[in-house]
Amino acid sequence: MNTDALIRDALTNAGYAPTNADVSHPHSALALNLGYLPGEIWVSDPDGHTLYAPEEHHGLWARYYPDPTDGGRFTNLYASDLTDLTADISGLLAALTAITTPASPQLAAQLADRKDRLNFVSKQADGGGPEVASLYGAAADRLRTQLERITLSVIADNARPCRQASTAVRAAFKAQPAQP
């Protein structure tokens, strides 16, 4: 079994649905859409490959592209140089879980509220005529923009503890007395 199939299976088993249309430009990647979030999350190895043997694994990255047609605007969700594919997939799933269920109570509440509103607005748009669909379509676009902004805040919030821990480790290392 190749890494593409292993990653795809792990994502599917965790409740995420990679799209059938994988990204092929400028690099290949698995495309993942969270439904409520505009854009896509692209997953591949650091060289932009997904189809290789597990023993050739040398890391994963996942990036959120708010507008997939604009490949230059993205936010890193996960990046590693691990050679253990199983550990790397676990790290990827943890990163995806962190953006869908934020640790910050405020961000979690905002995310849940906007998801609920978008769900309601989408149902209203489906139940009416063209005028209703147009009105609710504009509201859905505003909610998706808000969801993107909240998700980017969640990503930044998730990265903060890692930076703080890294800074604390460096400070502790520098504070150690020099060894003779």
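Please treat every number below as a calculation from the coordinates, not as lab data. Predicted model only: the values in this text are computed from it and were never measured. For neighbour counting, all protein chains shown are included, and Cβ atoms are generated from backbone atoms with ideal geometry for every residue, glycine included.
Mind running the shape call on segment 55-100? Use the C-alpha gyration tensor, a ≥ b ≥ c as the square roots of the eigenvalues: rounded below 1.5 for a/c, prolate if a/b tops b/c, oblate otherwise. Provide the component values of the computation, followed by the final result.
On the way: a/c = 3.37, a/b = 1.62, b/c = 2.08.
Taking the square roots of the gyration eigenvalues as a ≥ b ≥ c, segment 55-100 is oblate.
Could you give the length gained by full extension between residue 94 and residue 112, i.e. 0.36 nm per residue of separation minus their alpha carbon distance, to one decimal place?
So the extension gain works out to 4.6 nm.
Using the Karplus curve 6.51 cos²θ - 1.76 cosθ + 1.60 with θ = phi - 60°, what ³J(HN,Hα) values do you get for each residue of segment 110-121, in whole Hz, with x for Gly and Pro?
Along segment 110-121, the couplings run 5, 4, 4, 4, 5, 4, 4, 4, 4, 4, 4, 4 Hz.
For labels at residue 131 and residue 159 in the simple 7 Å Cα→Cβ model, what's the distance in nm?
My value for the distance between the label points is 4.6 nm.
Along Cα→Cβ, 7 Å out, is where each label goes; now give me the distance between the ones at residue 67 and residue 5 in nm to one decimal.
3.8 nm
Where the centroid of each part is defined by its Cα atoms, how far is segment 93-128 from segment 54-82 in Å?
Measuring centre to centre over Cα atoms gives 23 Å.
Net charge near residue 109, counting Lys/Arg +1 and Asp/Glu -1 over other residues with Cβ under 12 Å of its Cβ?
Local net charge: 0.
Starting from the 7 Å offset along Cα-to-Cβ, what nm value, one decimal, do you get for the label separation of residue 52 and residue 79?
About 1.7 nm separates the two model spin labels.
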